[in-house]
Each structure stands twice: as structure tokens, then as C-alpha cells.
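Down below is the structure, laid out as C-alpha cells.
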Amino acid sequence: MVNNMNSSRLLLILVYFLLSIPFSTAWSCGGFFCQQLPINQAAEQIVFRQEGSQITTMVQITYSGTAENFGWVLPVPTTPELSIGNNQTFLELERVTRPQFLLTREGNACPVDSDDSNDVADGSPDDIPEGVNIEEALRVGPFDALIISSDDPNALAAWLADNNLDLSSRGEELLAPYIAENMKFVVLRLQRNRAVGDIQPIILKYESDKPSIPIKLTAVAAEDDMGVLVWLLGSARAVPDNYLHVIPNYTLLNWYAGSRNAYASYQNLVTVAMNEAGGQGFASDYAGNFPNLTSTFTTSQQYSNLLNEFQSTTSAAFISAFFGRISDAQIQSSIQTLLPHDNVSIYFDPEALSAEFTSEQLDNARTSITDLVQNEIIPSFDNSLDILNTDLYLTRLYTTLSADEMISDPTFVFNSEMEDQPLQRRALLQTDCTANGTRWTLTLGEGTDREGELVIDAYDDIPSNTPPELTQNSAWQIAKTDVEGSPEINSQEDFPVARIGDRPIDDDGGGALGVTLLIISLLIIMIGYLARKLE
């Protein structure tokens, strides 16, 4: 069992390695937390699977530089088991586990209202200084990987800098604690003749007591409200251990403009809710058993079938089929590198390919694509789905973090006593055309933790693009979660029904107060009159 200090630092230093490098260098976004995406995107995506003391982590590698300057450095307590995953699996996992916001509409609005709705690598770097030991060189998918150990922080820092992995002037200082703990370092570089489009997620298997996201040192180059999306598979529902658990106020969600806009509204709502909670929390997008999780995912069989189908065809037809029939970004990038041409449409047309390239060029490209499919793409799909195709409990958590909020690394535990979080959130919009115009109400439903609660009562136009402006907090509940028991609630709002628009005097809501006051006034007048008569 790896000690706690090592396990929590398994990937921590990676972030600083990547983010401490000046922007003027050739490095650009080589690690977990430096992808530059708009606020309504999940900038970082990570999968954890924990079984006993073994954790399998699959991480999307984000990089925007040139292929020759790509590099990753990962410190590990012992030599990990490395393999590659597939970016397509991340896309499909996000799609099937994304929260759904369903608004049911009942009644009729007035007509005037609008309601639109691992082989030996090519070799090791030269000039290895004393104090740096390359223990193993291997290939992992498109990467050349080195397993390095060292007893000299200065020597290792200098070697990394010489290999375009500069840690700045603090290199020796940063490396020293990890070298003192006899940790090893995994260095990933793209193989020769590989393109940036060949980069795929990296999978690591290692020993640890709990999943942890290295985030503290990301503050060096983090953008405000950077999204973090994490899936955890384990024995029960995963919850944050040292961050808060936040349930947003679904009254403020944009239920009215379709599911796509509702999800974007949810991400913005979570951002504000996390800020209200102090900047360190996670919202549960989903928590439950998902037995058919990968039933609609792309698998390696699709690629095997295409290899068999076009085995006896011309090389031009083979290349065209793999470029157009599958639309795999890695394959398309490889074909364009092997057979460069300015007009992308040529790759869809076997006759155009035959007219533009020689038979030898097409045959060589076919051989390369076959090797890529058989040796990398098929295994990458199998590896990715092996992590997900399981009976383990699945949790999806989401947050946004800014630099000043990245002061501790979030860790997660599995709580068997907490209830599921449904994928669907529901609300009911009821409308009625009255003599005073359209009256509409919004009642929250399943998945919001406030099922059956009337939250809006309005005499107003029904929203079509944006929700009504309300003076309410974006966080409904802020709580501390742990490995057992129910959440310990720090704060929970008790919002009154939001009443919007001019209300008639006889309305059961705001008008009732006016009626009550009128009755009280009449009674006071009557009592005064009777008192005077009795005198």
C-alpha cells in the first residue's frame, strides 16, 4: 500500500511542471488543468475507478502546441501500469451522463402571450547526466515513455530543461521532496512522425487510498471559473471529502428555452453557487447504478469490421472508407499527414485519391493506417471501455474553480448511505388564461431535492429565452459530506414563493393580503362605531 503522502502526490507535481513553464516557451497546455475553454464547458475531464486499494485513472491530455514540443511529466510512487484510452469514449461518456432538464407544460396561456419553446521505444535521449537514471524505455500508443529515477534534484531539473521540459528557476526546489521519497517519473513524448491529432488519453493504474485531483498548483495559470468534470466508479456514491457538496437553486434555472440552453444555464448556476459556498465545492450531476452505460458507445468492433470489409479492395477505397465512414479524428489526422493535400474532399473520393497519389503512396498509407487501427485504436477503445463497463456505482461531479480557490486538492470517498441523484431534473409549468391575463406557476420536481415545491407564481408573460430575474441565492443547500451518514448541512435556504407581475385583489397569493387588510380595517371601523354608540 502506498503511504498517504505518496498517494496524494501521485499526480500533483505534474500540474506544476506543466503550468510553471512561461507562456513564451514552446510548451502549451500539456496537462490536467490548463485547457483554455469558455465558461460553459467542462475544461478538465477525468475518470477514476477504485477497487480496493487500486485506482485506475484515465485523463484527457490537452495540448495545443506542435508535435515535436509535446511533453508530459508524471511523478509516481512506484512504476505504474500505463496504457492509452480513447477520446471518443470521453465524448460519449459526457453525452450519456449529462444532466437532463425536463419541463412539463400544462394548461393554456392567453393568445397574446408568446410561448416558444508497451514495446521498446525508439531510444533514450542522449547526454544522460550523473544522478539521472532511465530505468525503462517503452512505447505506449503514440507516445515514447521513459521511467526515470534520480537522487539529484539539480541534475534532474537540468536534464528536463535540456529536453524542453523546463521547470523554471524553481526546478530543483520542486523536485527535491519527491526525489527524497524515492518517487519515479514518467516522461511522455510523441513518437517521431506523429501528429498532435494522435494524442489520446493516458491510463494509469496505481495504489492509493482515495481518488484525488491535483489542483493547488494549477493556480499558476488557471482562468477564472475553470470547469472540472470528474466521473468516479466505486462501491457506492462518491462525494467530496474535503470540499463541500452544493445543491443549486433550481428556481433560477432556465427551464424555458430547451434542454441545451437549460444545461448551459445549469453550468452557470453551479459557478455562482460554488462562489457563494466559498469557492470549494462540487455538485452531483448524477449518482446511481448505470448497468447499460456503454451500450451505445463506439467499440473496437466497428474498426475490426471495416478492416475485414475492405480487406480485398483497392488502397484508395480502403483509405476513403476509413476517412469518411468512421470519422475518427486520429485516423483522419494520420491520413492527411501520410497523404497531404489542401482539398479535404479528396479523401472521400477513391478515384480522386488514385489520380492524385501513386499506387506506392496509397499502399504505404494503407499499411500505416492498418497498423494504427490494429495496434492503437482497437486497444484504446478496449482499454477505455474496460474501465467503464462494470457493475460499479457511477458518480458524476462538476464544479468550477478560479485560481484563488485552488488552495487544496479535492479528494473523494464513497458513501453507501446517501441516496441516488437522478439524471433527470423535472419541473412543472402550469398556465391559465384568466380575466387578468396569463397566470403561470413553476413547481420543482424529481431530481431537484425540492420535489413538489411551488417556487414561482406569476401574472406575466411566460419566459421563452431567459428566466425571470429573481433576488435569490444560487445555492440552495451547502453541506459537508463524508464516507458515511447523511450530509451535514451548513446552510439551506427557505425561499418564499416568487410572486411576479401585478396581482388582482382577489388572488389567492399576493391579493389575499390586500383583502385581509381591508377586512381588518372594516372591523376596526365597526368596533370604533359600536364603542361610541355604547358610550
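Phi angles of the range 436-452 translate, via the Karplus equation with coefficients 6.51, -1.76, 1.60 and θ = phi - 60°, into HN-Hα couplings of 9, x, 6, 10, 9, 10, 10, 10, 6, x, 3, x, 9, 6, 9, 4, x Hz per residue; Gly and Pro are given as x. The tail of the calculated P(r) for the range 346-475 beyond 22 Å holds 71 percent of all Cα-Cα pairs. For the set HIS341, HIS245, the ranking by accessible area, highest first and with no ligand, DNA or RNA atoms included, is HIS341, HIS245 under a 1.4 Å probe. Calculated FRET efficiency, GLU51 to ALA180, Cβ-Cβ distance, R0 = 45 Å: about 0.90 to the nearest 0.05. Near LEU229, within a Cβ-to-Cβ distance under 9 Å, what is the net charge of the other residues, with Lys and Arg +1 and Asp and Glu -1? Local charge sum for LEU229: -2. How much of the pair distance distribution for the range 291-411 lies past 20 Å, counting alpha-carbon pairs only, in percent? More than 20 Å apart: 54 percent of the Cα pairs in the range 291-411. Can you give the FRET efficiency to the nearest 0.05 for GLN301 and PHE348, using r as the Cβ-Cβ distance and R₀ = 25 Å? Calculated value: 0.60. The residues of the range 180-287 expose on average 29 square angstrom of accessible surface per residue, using a 1.4 Å probe on protein heavy atoms. For the range 445-509, the carbon plus sulfur part of the accessible surface works out to 39%, probe radius 1.4 Å. Summing charges over all other residues whose Cβ lies under 9 Å from the Cβ of GLN330, with Lys and Arg as +1 and Asp and Glu as -1, gives -3. When the trypsin sites (Lys or Arg not before Pro) in the range 427-504 are filtered for DSSP coil states and for at most 10 other beta-carbon atoms within 10 Å of their beta-carbon, no site remains. Accessible surface comparison of LEU423, LEU338, LEU353, probe 1.4 Å, protein chains only, largest first: the order is LEU338, LEU423, LEU353.
Working note: Cα gyration tensor of the range 315-355, eigenvalues times five, square-rooted, sorted largest first, giving semi-axes of 14, 12, 8 Å.
A 1.4 Å probe run over the protein chains yields, for the range 368-420, 38 Å² of accessible area per residue, whole-number rounding. Using a Förster distance of 22 angstrom, determine the FRET efficiency expected from the C-beta separation of SER359 and ALA329, and round it to 0.05. According to the calculation, E is roughly 0.20. Going by accessible surface with a 1.4 Å probe and the largest first, SER408, SER312 read SER312, SER408. What does the C-alpha gyration tensor say about the overall shape of the range 281-341? Classify as rounded when a/c is under 1.5, otherwise prolate if a/b is larger than b/c, or oblate. Oblate is the answer for the range 281-341, as a/c is 1.5 or above yet b/c matches or exceeds a/b.
Charge tally for ASN133 (other residues, Cβ to Cβ under 12 Å; Lys, Arg +1; Asp, Glu -1): -4. For LYS210, the accessible surface of its heavy atoms amounts to roughly 60 Å² (probe 1.4 Å, protein chains only, rounded to the nearest 10).
Counting heavy atoms of the protein chains alone, LEU138 has an accessible area of about 10 Å² for a 1.4 Å probe.
A crude spin-label estimate for the pair LYS205 and GLU488, with each label 7 Å from Cα along the Cβ direction, gives 3.7 nm. Compared with the direct C-alpha span, the chain from GLU446 to LEU530 gains 24.7 nm at full extension, assuming 0.36 nm per residue.
The values are calculated or read from the model by the stated rules, or taken from the named source; none is laboratory data. Just so it is clear, the structure is predicted and the values come from calculations on it, not from any experiment. Neighbour counts are summed over all protein chains in view; Cβ atoms, including those assigned to glycine, are modelled from backbone coordinates with ideal geometry. Remember, those area values only see protein heavy atoms, side chains included, never the ligands or the DNA or RNA. Shrake-Rupley method; radii C 1.70, N 1.55, O 1.52, S 1.80 Å.
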